[in-house]
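Visitor: Handing you a structure now.
The values are calculated or read from the model by the stated rules, or taken from the named source; none is laboratory data. Keep in mind that what you see is a predicted model, and the values were worked out from it rather than measured. Virtual Cβ from ideal backbone geometry, glycine too; neighbours counted across all protein chains shown. Remember, those area values only see protein heavy atoms, side chains included, never the ligands or the DNA or RNA. Shrake-Rupley method; radii C 1.70, N 1.55, O 1.52, S 1.80 Å.
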Amino acid sequence: MQIEFELNGADVGANVEARTSLADCLRDNLGKTGTHLGCEHGVCGACTVLVNGEAVRACLMLAVQANGEKVVTIEGLSGDDLSPLQASFRKHHALQCGFCTPGFITTAHALLTSEPDANEERIRDVLSGNLCRCTGYVPIVEAVLDARKFYAGQKEKA
Amino acid sequence: MRVRNSYIGQPMERTEDMRLLRGRGTYVADVNRPDQLYAVILRSSVAHGKINTIDTSRATQLPGVRHILISADLGVVVPKIPLRLQPLPQLEPFHQPMLADGKVRYVGEPIAVVLADTPSIAEDALDHIDLDIETLPAITSREQAEAMPAVLFEDHGSNSAITWKAFKGDANAAFASADYTRRETFRVQRHAAMFMEPRGFVAEWNSDAGKLTVWGAAKTAWYNRRVLAAALDLEVDAIELIEVDVGGGFGSRGEFYPEDYLIPAAAKLVGRPVKWTEDRREHMMTANHARDIECDVEIAVSRDGRFLGLRGLAWADIGAYIRTNGSVGPRNVAQYMSGPYTFENIDLKTTMLTTNKTPSGTYRGPGRFETDFIRERLIDLVAKDLKIDRVELRRRNLVADSQMPYPLASITPYDSSTELDSGDYHAVFDLCMKEFGWAEKSKLSGKLIDGYYHGLAVGSFIEGGAAGPSEDARLVLETDGSLSVYLGSSSVGQGLETIMAQIAADATELPYEKITVNHGSTSHVKNGHGAYHSRSTVMGGSAILLAAEKLKDSIREAAAARFGCAAGDVTIDGEQVACAGKTLLLAGLSDVPLEVEASFFNKKYTWAYGTQAAHIAVDPGTGHVKVIDYLSVEDVGRIINPLTLHGQAIGSIVQGLGGAFLEHLVYDENGQLLTGSFADYLMPTASDFPNIRSITLELKPCPNNPLGTKGAGEGGLIPVGGIMANAIADALSHLNVQPMELPLSPARIWQLVEDAEAIRAVA
Amino acid sequence: MKPSAFEYRSPTTLAEAVSLLQSGNGNAKVISGGQSLMPMLAFRLAVPELLVDLKHIPDLDVIRIGDDGVHLGAKVRWCDIASDRRLVRAHPLLAEAITHVAHYQIRNRGTVGGSLAHADPSAEMPGIALACDAQMMIMGSTGTRIEKASAFFTGPLQTTLEPDEILTEVHLPAWPAARRWAFEEFARRKGDFAMAGVALFYDLDSDGRAVDAHIGAIGVSDCPIRLGAAEAALNGSAIDEKTIAAVAATARSEISPPSDIHAPAAYRRALVGTLLARGLKRSVR
């Protein structure tokens, strides 16, 4: 099936089987390998992307369901320099192997965009949908808390 | 005048983060080769059986299925996975064939490899393969292994593979004359490393050049290359194993598994690149399991609380085969149970039992998580019986600084002995107690507040590191003045590129920003060894130190030739060399890169050590445990990067909490793995354990390597099981609840409370 | 873990969706959020030949609150419920229960209709629907029908939905402002399926005794259940310690919970009693 959607601000198309997940379409058809597959059954969160600004597990969505939508991956949140959120992760050593990291960055970005005042409990609650085996989460939470100041003043979720 | 580099000890932000944070890492699933086929493995759904026939004809008819590899394709004899560690001849019967050979012995054992145009088509094909397997009784417990309704290895004749014996002094005499002994049975559950990136390989065979390239290497690439070469009947030099970014290992990824052979074999057979990634369900039944033991153990103590001896038997359920390092955990259970305490008399044995479950191997702190659960529980029980404060009892028996080096138990067969190297265990213990606020918090022991009973516990641990035999480093001063470091050490996410650059910068005096570290791939150095047993900083780092000295010599000679002076008169100063007032830039000093290689050899383990304390609260109605405060204090001798070390400590503690409370690989009586996804195999999440603290110290350097550092990073989890169980016993002491088995699930704690209340009711 | 192959359609009307389901002859499934269906497809526990996506069908995602209660369209998502502040007053039991559902990313996609049609015995929404005497609006090839929640759930992952039927809306009856209620569940970790959960409400008569008690339990049977004997023990009593203990004991004895790797039957049985007691205690304001 031919699908078309907006990916990281640009219009893209892909020819996929109906059974192709959005995650596999992004990785295999569109070359966006920053979205990772840790479980393919919707628990680990490594595949998190933004669909219309909302954090979503790309392994639990069919590519065909993304037709006509706006998708943003970790690549779309990254530029020549680290974003303030990414720099905060680096400063707090909030990643070791890095495999879960794109999922945490997209989730945290979605959270702070709509809730720049999120407190530690809320942050931990939201991040509980992403598994990390290396860090024990403490530095990730610290990084997200420290990044809030860069999101203050933004109102609405997209 | 430039200040000397001193990057060692600095909390440098990591170079690898620049790509990993932006999704620009390359993990093996991100590697693609032109014209590649995708592999999916047909795995046994039966725990124990004889393969009568495999009929792939229906499957090969599916459009897009290109080849299905079965054992007949692999030659007369299906190769077997050798033992990398403790390769005793009597363990050969238990080696795993790289593809099931007439028999299957665990659910998940590979039977065939389907190659297709897409992973989906390959997976579709699995249902179209007709297998005739005659099922045999499944062995899933110690009782069954011993009763033997079946044996896994008919030639061997029993399900008991080997018994390791750890000994020191004269345990029988010590027990015979001891004032007090206590004997208990403990169990630790089967769980596993469960790293986040599933395993995978991409293999490509260039028949014109006779060269095989495999992406996806990790941990022990040089050893794996030798095994692969032998299995494929190729020269070692014909194979290159490439390490890309690695999503965690924890001792499990990177050992030689069947797929390390099957994927390259498939590529060589069909002449097209083959790509394979496992899915999570597959991972749970194929990657090494760990920690499954039962232990009947006793402790002997003098009336005034001096530990005299440990004696006992452990049974390790190691699964269906002994893989590359399958003996390590069970051996460590016997050899290291004494931990950081003085025990002059030890007689501990571990028997490895084969069962129809996934084979096991090392997982962070192998054997040590188990020993510390057992030993720390015993200590608290002893304290209660002898009416000695459990903090004081530990102080009384910690190995003293003046006793270093302190011998641990020796072990046989594959004899080895080791000794604790250096450390002020008492100072660290006292610091932990003080930082934790033990005196104040202990007033809460056993108190019921808002429906929760509060409890405390403390435990000390040792952490072995820096396994030998050697590690290689190659340094290249490029013509542009930058430094390329090539290491045999492997990355599993621990920040190798940053730490080694820090060491290299200090050792060579070259600018940190101009140093790049390359790791893990077999083309980098001749004889690498890899990352295991927390060895990379000591072994790789020390190799860099040695290579740096050689490089400085080379630089001085090159400069001397240009200056026309003696090499000894040349000074190296960051980006330039100088002699008698003349200077030259390092960039362009030589027309060709200056290259040196060095090996560091080591026979002595390092021993980091520490103490942890915890405050928890238990809800007896639900069995829920809240971890209110958890503190770890560890001395590692010398800290290269406090940021990354601290990160390891916290991560390790949380893994320990997962092992203490949540994680459990469960089989039914037919050998079916019931926990086959993250819905049932529960890992810690961000909301489970928010209150973890860690302090790392540089109190007592290691005397046995030039860096003075000790392998660290595994330690955090080692005492966690014991401490959590002791804290629960402390909280519920009014009922005399005594946990003897992990995990400390809500249902188990509730049952312990029920049982205790029933006893109290009739008392 | 790739799904087996299927066709995919996303019709623009309910009638078209029903017709597509009919054409599937029992091998077609509805997909909306996909948070329950996609894992089943990945494990190949479900192997449909056709997926019918409700994505383009309008008016199924509305939360309508009126004098007759709360109407939730089938495509209403957990995040929609969480962000609709009217529900805190209009149906506090629903609002509280939904805070326990899953995780952030799932809550952005998972739907009321999906959860009810999937009918996991440990899921919160089916428990709420049953406890609150909800009515399910269903559309199929024979027209529309209304099914009471008490008849809708028939077993583990089983409902009375025919293969060609679509759940379009669930209606929760009006909620009196003075109503007493509680929701208590216990899971291994936050967001996990409950090992057991209790959703309860009752009103008070002029003597301060409970009337019209509704106690629903999840995680303790093949599907959500009402604890009828416990309700009877509660009705007509004041909510004091003695009543709470008696009601909890009755609940424990009236259920036959399953054992699984997370919780043996005896533990689940005790857990229901404990959660019910805590809920009743919390309900007293």
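Visitor: Those residues that are away from chain A (no Cβ under 14 Å) and either at pLDDT below 95 or buried (at least 19 other Cβ atoms within 10 Å of the Cβ) (or both), I need them from the range B:190-208; list them, please.
Guide: Within the range B:190-208, B:Arg190, B:Phe201, B:Ala203, B:Glu204, B:Trp205 qualify.
Visitor: Scan the range A:96-110 and give yes if some residue there is at the interface with chain B (Cβ under 8 Å from one of its Cβ atoms) and more than 15 Å from the chain's Cα centre (by Cα), otherwise no.
Guide: Yes, the range A:96-110 contains a residue that is at the interface with chain B (Cβ under 8 Å from one of its Cβ atoms) and more than 15 Å from the chain's Cα centre (by Cα).
Visitor: Could you check how many residues of the range B:627-660 are away from chain A (no Cβ under 14 Å) and either farther than 22 Å from B:Gln494 by Cβ or among the acidic types (Asp, Glu) (or both)?
Guide: Adding up the residues that qualify gives 3.
Visitor: Please name all residue pairs, on different chains or six or more residues apart, with Cβ atoms under 8 Å, provided the first residue is in the range B:199-213 and is without any contact (Cβ under 8 Å) to a residue 60 or more places away in the chain and the second residue is of a type in the set (D, E, K, R) and open to solvent by 20 Å² or more (accessible area, probe 1.4 Å).
Guide: B:Lys211/B:Glu240; B:Leu212/B:Glu204; B:Leu212/B:Glu240; B:Leu212/B:Lys268; B:Thr213/B:Glu204; B:Thr213/B:Glu240
Visitor: Scan (1) buried (at least 24 other Cβ atoms within 10 Å of the Cβ); (2) of a type in the set (Gly, Ala, Ser); (3) closer than 30 Å to B:Glu197 by Cα for the single condition B:Ala467 breaks and write down its number.
Guide: (1)
Visitor: Then there's this: Say we look at the range B:417-432 and pick out the residues that are surrounded by 15 or more Cβ atoms within 10 Å (Cβ to Cβ) and without any contact (Cβ under 8 Å) to a residue 60 or more places away in the chain; which of these is nearest to B:Ser338 (Cα to Cα)?
Guide: The qualifying residue nearest to B:Ser338 (Cα to Cα) is B:His426.
Residue by residue, here is whether (1) part of a helix (DSSP H, G or I); (2) within 11 Å of another protein chain (Cβ to nearest Cβ); (3) surrounded by fewer than 17 Cβ atoms within 10 Å (Cβ to Cβ) holds:
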residue: C:His214; (1), (2), (3): no, no, no
residue: C:Cys223; (1), (2), (3): no, no, no
residue: C:Ser256; (1), (2), (3): no, no, yes
residue: C:Asp260; (1), (2), (3): no, yes, yes
residue: C:Ala270; (1), (2), (3): yes, yes, no
residue: C:Thr274; (1), (2), (3): yes, yes, no
residue: C:Gly279; (1), (2), (3): yes, no, no
residue: C:Arg282; (1), (2), (3): yes, no, yes
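Visitor: Go through the range C:52-78 and give me each residue that's under 19 Å from C:Gly140 (Cα atoms) and touching a helix residue (DSSP H, G or I) at 6+ places or on another chain (Cβ under 8 Å).
Guide: C:Val52, C:Asp53, C:Leu54, C:Lys55, C:Ile57, C:Leu60, C:Asp61, C:Leu72, C:Gly73, C:Ala74, C:Lys75
Visitor: Show me the helices (runs of 4 or more DSSP H) found entirely inside the range B:54-164 where at least 2 residues are closer than 28 Å to B:Thr362 by Cβ.
Guide: Because the criterion is at least 2 residues that are closer than 28 Å to B:Thr362 by Cβ, the helices (runs of 4 or more DSSP H) in the range B:54-164 that meet it are B:142-147.
Visitor: Quickly run through the range B:636-669 and pick out the residues that are over 30 Å from B:Arg142 (Cα atoms) and assigned to a loop (DSSP other than H, G, I, E, B).
Guide: B:Val636, B:Gly637, B:Arg638, B:Ile639, B:Ile640, B:Asn641
Visitor: In addition: Can C:Ser36 be described as surrounded by 21 or more Cβ atoms within 10 Å (Cβ to Cβ), among the polar types (S, T, N, Q) and under 23 Å from A:Val43 (Cα atoms)?
Guide: Considered against the rule, which asks whether it is surrounded by 21 or more Cβ atoms within 10 Å (Cβ to Cβ), among the polar types (S, T, N, Q) and under 23 Å from A:Val43 (Cα atoms), C:Ser36 comes out as yes.
Visitor: Output the residue which, of all residues in the range C:1-33 that are within 25 Å of B:Arg281 (Cα to Cα) and part of a strand (DSSP E or B), is farthest from the chain's Cα centre (by Cα).
Guide: Filtering first and then ranking leaves C:Lys29.
A quick yes/no check of all residues on (1) open to solvent by 30 Å² or more (accessible area, probe 1.4 Å); (2) small (Gly, Ala, Ser); (3) within 14 Å of chain A (Cβ to nearest Cβ):
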site: B:Pro11; (1), (2), (3): yes, no, yes
site: B:Arg22; (1), (2), (3): no, no, yes
site: B:Arg43; (1), (2), (3): yes, no, no
site: B:Ser57; (1), (2), (3): yes, yes, no
site: B:His67; (1), (2), (3): yes, no, no
site: B:Gly75; (1), (2), (3): yes, yes, no
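Visitor: A further question on this structure: Any residue in the range A:117-133 that's away from chain C (no Cβ under 11 Å): show its pairings with residues that are in a loop (DSSP other than H, G, I, E, B) and not hydrophobic (A, V, I, L, M, F, W, C) at Cβ separation under 7 Å, as long as the two are six or more apart or on different chains.
Guide: Hits for this filter: A:Arg133/B:Gly248.
Visitor: Output the residue which, of all residues in the range B:27-39 that are within 27 Å of the chain's Cα centre (by Cα) and more than 8 Å from chain A (Cβ to nearest Cβ), is farthest from B:Gly708 (Cα to Cα). Can you show your working first?
Guide: Filtering the range B:27-39 down to residues within 27 Å of the chain's Cα centre (by Cα) leaves B:27-31.
Now drop any that are not more than 8 Å from chain A (Cβ to nearest Cβ), which leaves B:28, B:31.
On the way: B:Val28: 35, B:Val31: 39 Å.
Per the stated criteria, the residue is B:Val31.
Residue by residue, here is whether (1) open to solvent by less than 10 Å² (accessible area, probe 1.4 Å); (2) away from chain B (no Cβ under 11 Å); (3) within 26 Å of C:Gly191 (Cα to Cα) holds:
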position	(1), (2), (3)
A:Glu17	no, no, no
A:Arg57	yes, yes, yes
A:Met61	yes, yes, yes
A:Thr73	yes, no, yes
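Visitor: Considering only residues that are within 11 Å of chain B (Cβ to nearest Cβ), in contact (Cβ under 8 Å) with a residue 40 or more places away in the chain and within 14 Å of the chain's Cα centre (by Cα), which ones fall in the range A:19-42?
Guide: Listed by number, the residues that qualify are A:Leu26, A:Lys32, A:Gly34, A:Thr35, A:His36, A:Gly38.
Visitor: Which condition does B:Ser694 not pass, out of (1) open to solvent by 10 Å² or more (accessible area, probe 1.4 Å); (2) on the phi > 0 side of the Ramachandran plot, if it passes all the others?
Guide: (2)
Visitor: Before we move on, is B:Ile133 buried (at least 21 other Cβ atoms within 10 Å of the Cβ), over 26 Å from the mean Cα position of the chain (by Cα) and of a type outside the set (Lys, Arg)?
Guide: It is false that B:Ile133 is buried (at least 21 other Cβ atoms within 10 Å of the Cβ), over 26 Å from the mean Cα position of the chain (by Cα) and of a type outside the set (Lys, Arg).
Visitor: Run down A:Ser78, A:Ser88, A:Ser128, A:Ser114 and say which single residue is touching a Leu at 6+ places or on another chain (Cβ under 8 Å) and at negative phi.
Guide: Being touching a Leu at 6+ places or on another chain (Cβ under 8 Å) and at negative phi holds for just one of A:Ser78, A:Ser88, A:Ser128, A:Ser114, which is A:Ser78.
Visitor: Every residue in the range B:535-559 that is open to solvent by 10 Å² or more (accessible area, probe 1.4 Å) and not hydroxyl-bearing (Ser, Thr, Tyr), please.
Guide: Answer for the range B:535-559, where residues must be open to solvent by 10 Å² or more (accessible area, probe 1.4 Å) and not hydroxyl-bearing (Ser, Thr, Tyr): B:Leu545, B:Leu546, B:Glu549, B:Lys550, B:Lys552, B:Asp553, B:Arg556, B:Glu557, B:Ala558.
Visitor: Would you tally the residues in the range B:386-411 being part of a strand (DSSP E or B) and open to solvent by less than 40 Å² (accessible area, probe 1.4 Å)?
Guide: 4
Visitor: Within the range A:46-53, can one find any residue that is modelled with pLDDT of 95 or more, buried (at least 24 other Cβ atoms within 10 Å of the Cβ) and either at the interface with another protein chain (Cβ under 7 Å from one of its Cβ atoms) or at positive phi (or both)?
Guide: Scanning the range A:46-53, I find at least one residue that is modelled with pLDDT of 95 or more, buried (at least 24 other Cβ atoms within 10 Å of the Cβ) and either at the interface with another protein chain (Cβ under 7 Å from one of its Cβ atoms) or at positive phi (or both), so the answer is yes.
Visitor: Is it true that B:Pro119 is within 14 Å of chain C (Cβ to nearest Cβ) and not acidic (Asp, Glu)?
Guide: yes
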